[in-house]
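The values are calculated or read from the model by the stated rules, or taken from the named source; none is laboratory data. Computed from a predicted structure; not experimentally measured. Every residue, glycine among them, receives a Cβ derived from its backbone with ideal geometry; neighbour counts consider all protein chains shown.
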Amino acid sequence: MSNAPLMPKATAVWLVENTSLSFDQIADFCKLHPLEVKGIADGEVAAGIKGLDPITSGQLTREEIAKAEADPNYRLHLAVSKVRLPPVKKTRGPRYTPLSRRQDRPNAILWLLRNHPELKDAQIMRLIGTTKATLQAIRDRTHWNSAALTPMDPVTLGLCSQMDLDFEVNRAAKERPPVVESQGQTLVPAEITTARPPAPPPSTPAEVFGEAPAKPREEPEEIDIDSVFSKIKE
(Lines give C-alpha, C1' and ligand atoms only; values in the text may rest on other atoms or scores of the structure.)
Protein backbone atom coordinates (compact mmCIF):
# COMPACT_ATOMS: atom_id res chain seq x y z
CA MET A 1 0.00 0.00 0.00
CA SER A 2 1.19 3.50 -0.79
CA ASN A 3 1.82 5.92 2.10
CA ALA A 4 1.11 3.18 4.66
CA PRO A 5 3.20 2.88 7.83
CA LEU A 6 5.39 -0.07 8.56
CA MET A 7 3.53 -2.85 10.41
CA PRO A 8 0.12 -1.09 10.17
CA LYS A 9 -1.69 -3.32 12.69
CA ALA A 10 1.04 -2.92 15.32
CA THR A 11 0.97 0.85 14.74
CA ALA A 12 -2.82 0.85 15.06
CA VAL A 13 -2.55 -1.04 18.38
CA TRP A 14 -0.18 1.60 19.76
CA LEU A 15 -2.34 4.50 18.56
CA VAL A 16 -5.47 2.94 20.11
CA GLU A 17 -3.72 2.41 23.45
CA ASN A 18 -1.74 5.68 23.70
CA THR A 19 -3.78 8.37 21.90
CA SER A 20 -7.34 9.70 21.77
CA LEU A 21 -7.55 9.56 17.99
CA SER A 22 -10.83 8.44 16.43
CA PHE A 23 -11.17 5.08 14.76
CA ASP A 24 -11.56 6.77 11.39
CA GLN A 25 -8.29 8.70 11.83
CA ILE A 26 -6.35 5.57 12.84
CA ALA A 27 -7.95 3.53 10.06
CA ASP A 28 -7.09 6.17 7.45
CA PHE A 29 -3.48 6.42 8.63
CA CYS A 30 -2.90 2.65 8.93
CA LYS A 31 -4.92 1.83 5.77
CA LEU A 32 -7.30 -0.39 7.72
CA HIS A 33 -11.08 -0.62 7.94
CA PRO A 34 -12.69 1.35 10.80
CA LEU A 35 -14.41 -1.83 12.02
CA GLU A 36 -11.00 -3.52 12.19
CA VAL A 37 -9.69 -0.67 14.34
CA LYS A 38 -12.80 -0.99 16.52
CA GLY A 39 -12.04 -4.71 16.87
CA ILE A 40 -8.50 -3.84 17.98
CA ALA A 41 -9.90 -1.51 20.62
CA ASP A 42 -12.32 -4.23 21.81
CA GLY A 43 -9.56 -6.84 21.94
CA GLU A 44 -11.13 -9.00 19.27
CA VAL A 45 -8.50 -8.29 16.58
CA ALA A 46 -4.69 -8.39 16.89
CA ALA A 47 -4.84 -9.68 20.44
CA GLY A 48 -1.27 -11.01 20.37
CA ILE A 49 0.31 -8.10 18.49
CA LYS A 50 2.59 -5.74 20.41
CA GLY A 51 2.12 -2.06 19.63
CA LEU A 52 4.73 -0.25 17.56
CA ASP A 53 5.50 3.36 18.48
CA PRO A 54 5.36 5.40 15.22
CA ILE A 55 7.14 8.31 16.93
CA THR A 56 10.22 6.21 17.78
CA SER A 57 10.28 4.71 14.30
CA GLY A 58 10.12 8.20 12.75
CA GLN A 59 6.76 7.72 11.05
CA LEU A 60 4.89 10.34 13.09
CA THR A 61 5.68 13.35 15.22
CA ARG A 62 4.09 14.33 18.53
CA GLU A 63 2.94 17.60 16.97
CA GLU A 64 1.12 15.70 14.20
CA ILE A 65 -0.67 13.48 16.74
CA ALA A 66 -1.61 16.47 18.92
CA LYS A 67 -2.96 18.31 15.87
CA ALA A 68 -5.11 15.30 14.91
CA GLU A 69 -6.39 14.88 18.48
CA ALA A 70 -7.55 18.51 18.51
CA ASP A 71 -9.37 18.20 15.16
CA PRO A 72 -11.34 14.95 14.49
CA ASN A 73 -11.57 15.80 10.80
CA TYR A 74 -7.78 16.07 10.43
CA ARG A 75 -5.96 13.19 8.75
CA LEU A 76 -2.51 12.07 9.85
CA HIS A 77 0.40 12.28 7.43
CA LEU A 78 3.55 10.22 7.42
CA ALA A 79 6.68 12.08 8.45
CA VAL A 80 9.16 12.63 5.64
CA SER A 81 12.37 10.79 6.35
CA LYS A 82 15.51 12.91 6.25
CA VAL A 83 17.70 9.92 5.50
CA ARG A 84 17.77 8.87 1.87
CA LEU A 85 18.61 5.26 1.34
CA PRO A 86 20.24 4.19 -1.95
CA PRO A 87 17.97 2.23 -4.26
CA VAL A 88 18.25 -1.50 -3.92
CA LYS A 89 19.69 -3.11 -7.02
CA LYS A 90 17.73 -6.10 -8.16
CA THR A 91 19.96 -9.10 -8.61
CA ARG A 92 19.33 -11.14 -11.69
CA GLY A 93 18.31 -14.62 -10.62
CA PRO A 94 18.44 -17.83 -12.65
CA ARG A 95 16.42 -17.88 -15.84
CA TYR A 96 13.02 -19.48 -15.41
CA THR A 97 12.23 -22.24 -17.88
CA PRO A 98 8.63 -23.45 -18.33
CA LEU A 99 7.90 -27.05 -17.48
CA SER A 100 6.97 -27.83 -21.08
CA ARG A 101 10.44 -26.86 -22.29
CA ARG A 102 12.68 -28.20 -19.55
CA GLN A 103 13.15 -31.53 -21.30
CA ASP A 104 14.69 -29.64 -24.26
CA ARG A 105 17.48 -28.10 -22.21
CA PRO A 106 19.93 -31.02 -22.67
CA ASN A 107 19.50 -30.78 -26.46
CA ALA A 108 20.18 -27.03 -26.32
CA ILE A 109 23.27 -27.56 -24.14
CA LEU A 110 24.63 -30.11 -26.62
CA TRP A 111 24.04 -27.65 -29.48
CA LEU A 112 25.96 -24.91 -27.68
CA LEU A 113 28.85 -27.23 -26.83
CA ARG A 114 29.22 -28.23 -30.48
CA ASN A 115 28.61 -24.89 -32.21
CA HIS A 116 30.09 -22.48 -29.67
CA PRO A 117 32.92 -24.20 -27.80
CA GLU A 118 34.30 -20.78 -26.84
CA LEU A 119 31.42 -20.22 -24.39
CA LYS A 120 32.24 -20.70 -20.72
CA ASP A 121 30.20 -22.91 -18.43
CA ALA A 122 28.80 -19.89 -16.61
CA GLN A 123 27.59 -18.39 -19.90
CA ILE A 124 25.82 -21.59 -20.96
CA MET A 125 24.25 -21.91 -17.52
CA ARG A 126 23.05 -18.32 -17.75
CA LEU A 127 21.57 -18.80 -21.22
CA ILE A 128 19.83 -22.13 -20.67
CA GLY A 129 19.17 -21.93 -16.94
CA THR A 130 20.82 -25.26 -16.17
CA THR A 131 23.15 -26.54 -13.46
CA LYS A 132 26.86 -27.25 -13.45
CA ALA A 133 26.32 -30.98 -12.89
CA THR A 134 23.99 -31.34 -15.89
CA LEU A 135 26.34 -29.38 -18.14
CA GLN A 136 29.34 -31.49 -17.12
CA ALA A 137 27.39 -34.74 -17.58
CA ILE A 138 26.42 -33.78 -21.15
CA ARG A 139 30.00 -32.77 -21.96
CA ASP A 140 31.41 -36.05 -20.59
CA ARG A 141 28.66 -38.13 -22.24
CA THR A 142 27.60 -39.45 -18.83
CA HIS A 143 24.09 -38.01 -18.96
CA TRP A 144 21.37 -40.62 -18.41
CA ASN A 145 19.84 -39.77 -21.81
CA SER A 146 23.04 -39.13 -23.78
CA ALA A 147 22.20 -41.68 -26.48
CA ALA A 148 18.93 -39.93 -27.35
CA LEU A 149 20.15 -36.32 -27.24
CA THR A 150 19.92 -34.27 -30.44
CA PRO A 151 21.58 -30.85 -30.84
CA MET A 152 18.89 -28.18 -31.12
CA ASP A 153 19.16 -24.40 -31.31
CA PRO A 154 18.13 -22.87 -27.95
CA VAL A 155 16.69 -19.83 -29.75
CA THR A 156 14.39 -22.07 -31.78
CA LEU A 157 13.37 -23.91 -28.62
CA GLY A 158 12.55 -20.60 -26.92
CA LEU A 159 15.06 -21.11 -24.09
CA CYS A 160 16.87 -17.83 -24.83
CA SER A 161 16.67 -14.93 -27.24
CA GLN A 162 18.94 -14.39 -30.21
CA MET A 163 20.12 -11.12 -28.68
CA ASP A 164 21.24 -12.85 -25.48
CA LEU A 165 23.03 -15.57 -27.45
CA ASP A 166 24.86 -13.05 -29.66
CA PHE A 167 25.86 -11.04 -26.60
CA GLU A 168 27.42 -14.05 -24.88
CA VAL A 169 29.17 -15.21 -28.06
CA ASN A 170 30.67 -11.74 -28.67
CA ARG A 171 31.81 -11.53 -25.06
CA ALA A 172 33.50 -14.92 -25.30
CA ALA A 173 35.17 -13.92 -28.57
CA LYS A 174 36.61 -10.77 -26.98
CA GLU A 175 38.00 -12.67 -24.00
CA ARG A 176 39.74 -15.31 -26.16
CA PRO A 177 43.36 -14.49 -27.16
CA PRO A 178 43.88 -13.91 -30.88
CA VAL A 179 45.03 -17.00 -32.79
CA VAL A 180 48.07 -16.39 -35.01
CA GLU A 181 48.17 -18.80 -37.94
CA SER A 182 51.67 -20.03 -38.81
CA GLN A 183 52.52 -19.52 -42.47
CA GLY A 184 54.65 -22.25 -44.09
CA GLN A 185 57.24 -21.84 -46.83
CA THR A 186 55.88 -20.44 -50.07
CA LEU A 187 57.32 -20.60 -53.62
CA VAL A 188 58.97 -17.51 -55.01
CA PRO A 189 57.34 -16.21 -58.23
CA ALA A 190 59.10 -17.03 -61.51
CA GLU A 191 59.48 -13.32 -62.35
CA ILE A 192 61.81 -12.95 -59.39
CA THR A 193 63.86 -16.09 -59.95
CA THR A 194 64.38 -15.51 -63.73
CA ALA A 195 65.05 -11.76 -63.52
CA ARG A 196 68.53 -10.53 -64.53
CA PRO A 197 70.66 -9.09 -61.79
CA PRO A 198 70.85 -5.29 -61.91
CA ALA A 199 73.92 -3.70 -63.53
CA PRO A 200 76.50 -2.22 -61.16
CA PRO A 201 76.38 1.54 -60.82
CA PRO A 202 78.86 3.63 -62.90
CA SER A 203 82.06 4.44 -61.11
CA THR A 204 83.48 7.28 -63.30
CA PRO A 205 81.89 10.45 -64.68
CA ALA A 206 82.48 9.28 -68.26
CA GLU A 207 80.51 6.13 -67.65
CA VAL A 208 77.72 8.17 -66.11
CA PHE A 209 77.33 10.31 -69.26
CA GLY A 210 77.79 7.40 -71.65
CA GLU A 211 81.25 8.45 -72.96
CA ALA A 212 83.96 5.99 -73.86
CA PRO A 213 86.57 5.65 -71.22
CA ALA A 214 89.77 7.53 -71.97
CA LYS A 215 92.88 5.45 -72.76
CA PRO A 216 95.67 5.77 -70.26
CA ARG A 217 98.68 7.83 -71.46
CA GLU A 218 101.79 5.86 -72.38
CA GLU A 219 104.88 7.11 -70.61
CA PRO A 220 107.88 7.76 -72.96
CA GLU A 221 110.73 5.34 -72.80
CA GLU A 222 113.96 6.50 -71.23
CA ILE A 223 116.76 7.31 -73.76
CA ASP A 224 120.14 5.80 -73.17
CA ILE A 225 122.63 8.66 -73.96
CA ASP A 226 125.72 6.43 -74.18
CA SER A 227 124.15 4.22 -76.82
CA VAL A 228 123.18 7.27 -78.89
CA PHE A 229 126.72 8.72 -78.92
CA SER A 230 128.24 5.33 -79.72
CA LYS A 231 126.03 5.06 -82.80
CA ILE A 232 127.08 8.56 -83.93
CA LYS A 233 130.74 7.69 -83.62
CA GLU A 234 130.26 4.61 -85.70
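Can you pull out the residues in the stretch 154-166 that are without any contact (Cβ under 8 Å) to a residue 24 or more places away in the chain, in a helix (DSSP H, G or I) and of a type outside the set (D, E)? Listed by number, the residues that qualify are V155, T156, Q162, M163.
Only residues that are surrounded by 16 or more Cβ atoms within 10 Å (Cβ to Cβ) and not in a helix (DSSP H, G or I) were counted in the stretch 23-38, giving 1. It is to be established whether one or more residues within the stretch 3-14 are surrounded by fewer than 13 Cβ atoms within 10 Å (Cβ to Cβ), modelled with pLDDT under 90 and closer than 21 Å to Y74 by Cβ. Yes: one or more hits. Close contacts from the stretch 128-153, counting a first residue that is closer than 13 Å to L112 by Cβ and a second that is assigned to a helix (DSSP H, G or I) and charged (D, E, K, R), with Cβ to Cβ under 6 Å and a gap of 6+ residues or different chains, come to I128/R105; T130/R105; L135/D121; P151/R114.
From the set of residues in the stretch 60-110 that are under 30 Å from I124 (Cβ atoms) and small (G, A, S), which is modelled with the highest pLDDT? The residue in question is A108. The set of residues in the stretch 168-182 that are aliphatic (A, V, I, L, M) and modelled with pLDDT of 85 or more comprises V169, A172, A173.
Restricting attention to the stretch 109-146, the residues being under 13 Å from E168 (Cα atoms) and part of a loop (DSSP other than H, G, I, E, B) number 5.
The residues of the stretch 1-39 that are touching a residue at least 24 places away in the same chain (Cβ under 8 Å), more than 17 Å from D71 (Cα to Cα) and of a type in the set (G, A, S), listed by number, are A4, A10, A12. Of the numbered criteria (1) outside any loop (DSSP other than H, G, I, E, B); (2) more than 47 Å from the chain's Cα centre (by Cα); (3) of a type in the set (D, E, K, R), the one K9 fails is (2).
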